[in-house]
1. Surrounded by 15 or more Cβ atoms within 10 Å (Cβ to Cβ) and over 14 Å from the mean Cα position of the chain (by Cα): does that describe ASN62?
2. For ASP28, only one of the following conditions fails: (1) over 22 Å from ILE92 (Cβ atoms); (2) in a helix (DSSP H, G or I). What is its number?
3. Go through the stretch 66-110 and count every residue that is among the hydroxyl-bearing types (Ser, Thr, Tyr), out of contact with any Ser or Thr (no Cβ under 7 Å at 6 or more places or on another chain) and at pLDDT 85 or above.
4. If I ask for residues that are part of a strand (DSSP E or B) and β-branched (Val, Ile, Thr), which ones from the stretch 37-58 would you list?
5. Failed condition for GLU61, given (1) part of a helix (DSSP H, G or I); (2) modelled with pLDDT of 95 or more, with all others met?
6. Just need a number here: residues in the stretch 80-98 that are crowded, with 20+ Cβ neighbours inside 10 Å and either on the phi > 0 side of the Ramachandran plot or assigned to a loop (DSSP other than H, G, I, E, B) (or both).
Amino acid sequence: MPHQKLQAELSKRLAGASNIVLLAVGSDLRGDDVAGLLVAEKLESKTSDKFHILIGGTAPENLTGEIKRLKPSHLVIVDAADMKAAPGTIQIISHQEIGGYSFSTHALPLKVMIDFILADLPCEVIVATIQPKSVMFDEKVSAEIEQAADRLAEELKKIL
């Protein structure tokens, strides 16, 4: 997604946000699967009483109670996903669109976790996906994913 389109899409989906929770998903043991964790790391200094970062790792479902406690108006989930796109491609999708993407490193499907959260908490759910180059065990993160994580974090900082 081009810079201007990414910023416009994030701005549109986060319009009116009063309390944002960013849930970073991924594994630092599987190459580019670390994408969500990198974005969270780059936004760490922006946390406030209106912006919270939770590190879900490979078991984001373990944080559903904390998400519900924080009562976000907007939940932003950042994860690597195979979208059959060029490495580093960023897509902003709604939780209803998750079915067409492959999120491979967590046991519980994201859609199931999101449905569980939404059963008790009416909030806007935004999923930011980053196309990995490789999620092989013990590989280093690729330059494309480093750049995409930087770009997504910078666009989120502008909105926050």
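The values are calculated or read from the model by the stated rules, or taken from the named source; none is laboratory data. Remember, it's a predicted structure, so these values are computed and weren't measured experimentally. Neighbour counts are summed over all protein chains in view; Cβ atoms, including those assigned to glycine, are modelled from backbone coordinates with ideal geometry.
1. no
2. (2)
3. In the first step, residues of the stretch 66-110 are kept if they are among the hydroxyl-bearing types (Ser, Thr, Tyr); the result is 73, 89, 94, 101-102, 104-105.
Narrowing the set further to residues that are out of contact with any Ser or Thr (no Cβ under 7 Å at 6 or more places or on another chain) leaves 89, 94, 102, 104.
Next cut, at pLDDT 85 or above only: 89.
Qualifying residue count, the stretch 66-110: 1.
4. Result: ILE53, ILE55.
5. Result: GLU61 fails condition (2) only.
6. 2
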